[in-house]
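Coordinate-derived values only; no laboratory data. Since we're looking at a predicted model, the values are computed, not measured. Don't worry about glycine lacking a Cβ; one is built from the backbone with ideal geometry, like all the others, and counts go over all protein chains shown.
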Amino acid sequence: MTKIISITNQKGGVGKTTTTINLATSLAAVNKKVLIIDSDPQGNASTGIGISYDKRSPSLYDLISKNKFDPKSIKKTIIPGLEIITANTNLAASEIELVDVANREGRLKSMISEISGYEFIIIDCPPALGLLTINSLVASNSTLIPLQSEFFALEGLSSLTKTIDLVRKNFNSQLYIEGILLTMVDKRNSLNHLVEKDVREYFDKKVYKTTIPRNIKMSEAPSHGKPALIYDVNCAGSLAYIELAKEVILNQK
């Protein structure tokens, strides 16, 4: 059984792509077969894992626009057991092109139904609650929400949970929140402690025990086209994502 997880938050800069890349790498490191689907037109998950745009091979835009899966769209990465379907700026056009299409919310789900052989499929969503994110939620078993440890992040979380409820009610009754991941945590910052306290009180066990610290190595890794776990496996961020992978695997059982 393949577990499909969307990494969602309509706010940008909260660590969605960093979480996608490093969680996927951590799972692959313990011999899980993992596929990343880059559903963000910025294509940061693709470049962040060392895959550059190649117009000769199909991207997620081609699959969604043609409503047909192409095995050539799956690309190998430098990590054994981890593969990816890439995205580029063309994907932004799909938000407009699908507006009048029947079953527009289910295009990605239909495509994923033709993919097999993976224990995890992780979808990196764009920083918006548009049609691409809706497609990802409809296609997923669950959603993992990276949440930056700041006050305004809590305000955005309420909008996201309402969207999840609407998707659950209208398109995917099995969808649930996999977990909330506190990111960019600075233990020296008292506001971080207050935000974490509020989130844990409200969402209780849905909040992962693992938190992701602010970390220079994590910031440097994408510019080298590598996950942090490959760039520096011993940095604090890498070790945190290894712990997160353990929690995700335990939740699967």
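Listed by chain and number, the lysines whose C-alpha is less than 19 Å from the C-alpha of LYS11, apart from same-chain residues fewer than 8 away, are LYS162. Estimated purely from DSSP H runs of n ≥ 4, each contributing -39500 (n - 2.57), the mean residue ellipticity at 222 nm for the chain is -12000 deg cm²/dmol once divided by its residues. For the range 29-129, the C-alpha radius of gyration divided by 2.2 N^0.38 Å, with N the number of residues, is 1.04. Computed about the Cα centre, the dipole magnitude for the chain is approximately 460 debye when only Lys and Arg (+1) and Asp and Glu (-1) carry charge, each at its Cβ. Put simply, the amide H of THR143, placed in the peptide plane, has neighbours under 5 Å in SER6, TYR176, ILE177, GLU178, GLY179, leaving out anything fewer than 5 places away on its chain.
By DSSP, the beta bridges lying fully in the chain are antiparallel in about 10 percent of cases.
Taking max minus min of the alpha-carbon positions on each principal axis, the range 153-253 gives extents of 42, 31, 27 Å, largest first.
Once the range 70-131 is represented by equal point scatterers at the alpha-carbon sites, with solvent omitted, what log10 I(q)/I(0) does the Debye formula produce at q = 0.11, 0.14, 0.25, 0.28 Å⁻¹? Result of the Debye calculation: -0.31, -0.51, -1.36, -1.46.
The distance separating the Cα centre of the range 181-234 from that of the range 61-102 comes to 29 Å. Summing charges over neighbours of LEU132, with a neighbour being any other residue whose Cβ is under 13 Å away from its Cβ, gives -2 when K and R count +1 and D and E count -1.
The fewest-to-most ranking of TYR241, TYR61, TYR53 by surrounding Cβ atoms within 10 Å reads TYR53, TYR61, TYR241. Backbone amide hydrogens, once placed in the peptide plane, bring GLN148 within less than 5 Å of THR183, excluding anything fewer than 5 places away on its chain. Full extension of the chain between SER113 and PHE152 yields a length gain of 10.4 nm, computed as 0.36 nm times the residue separation minus the alpha carbon distance. Remark: the Cα gyration tensor places the chain in the oblate category, a/c being 1.5 or greater and a/b not exceeding b/c.
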